[in-house]
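So the structure is just underneath, and the comments pick up after that.
The values are calculated or read from the model by the stated rules, or taken from the named source; none is laboratory data. As the structure is a computational prediction, the values presented were derived from the model and not from experiment. Note that each Cβ is placed from the backbone with ideal geometry, even for glycine, and that neighbours are counted across all protein chains shown. Keep in mind that these areas ignore ligands, DNA and RNA; they rest on the heavy atoms of the full protein, side chains included. Shrake-Rupley method; radii C 1.70, N 1.55, O 1.52, S 1.80 Å.
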Amino acid sequence: MRYISTRGQAPALSFEEVVLTGMASDGGLYVPETVPQLSHDDLAAMAGLSYAEIAFRVMQPYVNGEIDDETFRTIVTEAYATFSHDAVVPLNQLDANHFLLELFHGPTLAFKDVALQLLGRLLDHFLKKRGERAVIMGATSGDTGSAAIEGCRHCDNLDIFILHPYQRVSEVQRRQMTSVLADNVFNVAIEGNFDDAQAMVKASFADQSFLNGTRLVAVNSINWARIMAQIVYYVASAVALGAPHRKVSFCVPSANFGNVFAGYMAYRMGLPVERFVIATNANDILHRTLAANDFSKQELKATLAPSMDIVVSSNFERLLFEAYGRDGAAVADLLERFQVEPTALADAPLSRLREKFASHSVDDATILEVIREAHHRTQEILDPHTATGYRAAERERGDATVPMITLATAHPAKFAEAVVKAGFPGVPLPPHMDDLLEREERYTVLPAELSAVQQFVVDNRR
Ligand SMILES: *Cc1c(COP(=O)(O)O)cnc(C)c1O
């Protein structure tokens, strides 16, 4: 198995190379050249297996023999042993045929742990094998930074530098990053906004000469290994509800489209999925594209579901590649036009997408209403991201005899602001984190200047 670029120009890569590489050199994203298949019997045989075992079976073909089975099994087992629930991603029944898939039992209470616990270990494995070290740089306004830090804190061959805008992330989110005191973890508070931090990371990737040859690695959701890790919970939850003997549908609170694209991959591997419902907040490019063929950028809106605040959905390109029949030139042309002006998909690809995907957009007032309504009906307090999913799942349910699985992407304690606004006293942090606000913190405040940040990286990497 090789990995190819969605824009058709970059060289094909091995699994190892694709894990160590972010964006393809032609500006595209890497996808597997062929999709491994899970037969009816393969799926049936997964009933009752542990999450780690299902994870091994789903991901093993993508690894392509580049890690021996025993080592890969150990990596997977260790990654998911960090979750605080024995089921790793338990299902919680909401009504007769609507289920919540709780993806928030990892170290940082959001679904990004599922991918980043694995990615950190994969990177460390390959770097060790090569006798190399690497530097991770990322900018965060929330969930990704803490999940990346937790995923890399035990990695001997990685140093991680996460930039956040000084005094502009919530206390819980900041402390989840800054209270990790490992020797290879560096938190930098930038005297500027998120865009300043992001611009410095982008500039560092564009010109890596300041690192004198040390590899710089991206852990954002364009990394194929993140998608691969997320395929697993679609398979595991569907099997728990009776796949392959019956179909399920999924509803996914979406932003960069990495999560729901992983679901689509599960479907392409052979999982019987009736439909995917894409939930967005007011930043609704995905919904506008599917519902009205309006594929255009709009100004960023700050919402109560901040981890879904995006202008462009980077992983949507991977789905467009499939919808356009894997025609890299057509994808490149569409995305180049999209960068400069409002555009639209061609008819045939759009109708292909509409066969499998529905969408719904949920504004802030509705998020609060849904948190109250869901609590009234189920006694559950949903986080604001999951609330968009709950509403979208109900509105776009389709065939009501098919079980609907809504992905709960974060624990409500992580987004207490919305929960309090909805009229609840708040939600306590889970027991393993209840001393978070007392833990010692470590971070460095730096001006929003590229040279200062790069000097800090050079001085501190090991
Ligand atoms: C990142 C994130 C999302 C969006 O996921 P994508 O893969 O970018 O679509 C949704 N909810 C939460 C809580 C997140 O952290």
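Annotations
- Taking the stretch 104-123 as the range and being open to solvent by 10 Å² or more (accessible area, probe 1.4 Å) and over 13 Å from residue 142 (Cβ atoms) as the test, the residues that pass are 104, 105, 107, 121.
- Here 252, 219 are screened, and the one residue that is in a loop (DSSP other than H, G, I, E, B), under 20 Å from residue 307 (Cα atoms), in contact with a helix residue (DSSP H, G or I) (Cβ under 8 Å, 6 or more places away or on another chain) and open to solvent by less than 30 Å² (accessible area, probe 1.4 Å) is 219.
- Residue match in the stretch 163-174 (condition: in contact with a Leu (Cβ under 9 Å, 6 or more places away or on another chain), open to solvent by 20 Å² or more (accessible area, probe 1.4 Å) and either under 16 Å from residue 462 (Cβ atoms) or away from the ligand (no atom under 16 Å from the Cβ) (or both)): yes
- Taken together, the criteria place residue 350 among residues that are among the hydrophobic types (A, V, I, L, M, F, W, C) and more than 16 Å from the ligand (Cβ to nearest atom).
- Residue match in the stretch 224-242 (condition: under 30 Å from residue 44 (Cβ atoms) and assigned to a loop (DSSP other than H, G, I, E, B)): yes
- Every pair of residues 6+ apart whose Cβ atoms lie under 7 Å, when the first sits in the stretch 425-449 and is touching a residue at least 40 places away in the same chain (Cβ under 8 Å) while the second is outside any helix (DSSP H, G or I) and β-branched (Val, Ile, Thr): 427/381; 443/188; 444/188; 446/188; 446/190; 448/190
- Cβ-Cβ distances below 6 Å connect the following pairs, each with a first residue in the stretch 271-287 that is within 30 Å of residue 43 (Cα to Cα), a second residue that is open to solvent by less than 10 Å² (accessible area, probe 1.4 Å) and β-branched (Val, Ile, Thr), and a separation of six or more residues or different chains: 271/235; 276/260; 278/260; 279/388.
- In the set (1) within 25 Å of residue 383 (Cβ to Cβ); (2) away from the ligand (no atom under 13 Å from the Cβ); (3) open to solvent by 10 Å² or more (accessible area, probe 1.4 Å), the condition left unmet by residue 264 is number (2).
- Candidate set: the stretch 296-318, residues that are in contact with a strand residue (DSSP E or B) (Cβ under 8 Å, 6 or more places away or on another chain) and of a type in the set (A, V, I, L, M); chosen: the one nearest to the ligand (Cβ to nearest atom): 308
- Taken across the stretch 182-200, residues that are part of a loop (DSSP other than H, G, I, E, B) and within 16 Å of the ligand (Cβ to nearest atom) do not occur at all.
- Restricting attention to the stretch 119-160, the residues that are within 15 Å of the ligand (Cβ to nearest atom) and either modelled with pLDDT of 95 or more or of a type in the set (Ser, Thr, Tyr) (or both) add up to 10.
- Matching residues, the stretch 270-317, being within 20 Å of the chain's Cα centre (by Cα), assigned to a helix (DSSP H, G or I) and under 17 Å from residue 355 (Cα atoms): 286, 287, 316
- Condition met for residue 103 (within 16 Å of the ligand (Cβ to nearest atom), touching a residue at least 12 places away in the same chain (Cβ under 8 Å) and over 27 Å from residue 18 (Cβ atoms)): no
- Residue-level analysis places residue 293 outside the set of residues that are of a type in the set (S, T, N, Q), surrounded by fewer than 22 Cβ atoms within 10 Å (Cβ to Cβ) and within 16 Å of the ligand (Cβ to nearest atom).
- Taking the listed residues 432, 376, the one that is modelled with pLDDT under 95, part of a helix (DSSP H, G or I) and surrounded by fewer than 16 Cβ atoms within 10 Å (Cβ to Cβ) is 432, with no other qualifying.
- Close contacts from the stretch 150-172, counting a first residue that is at positive phi and a second that is hydrophobic (A, V, I, L, M, F, W, C), with Cβ to Cβ under 8 Å and a gap of 6+ residues or different chains, come to 167/189.
- Test: residue in the stretch 413-429 that is assigned to a loop (DSSP other than H, G, I, E, B), within 16 Å of the ligand (Cβ to nearest atom) and buried (at least 21 other Cβ atoms within 10 Å of the Cβ): no
- Residue that is farthest from the ligand (Cβ to nearest atom), among those in the stretch 231-249 that are on the phi < 0 side of the Ramachandran plot and open to solvent by 10 Å² or more (accessible area, probe 1.4 Å): 245
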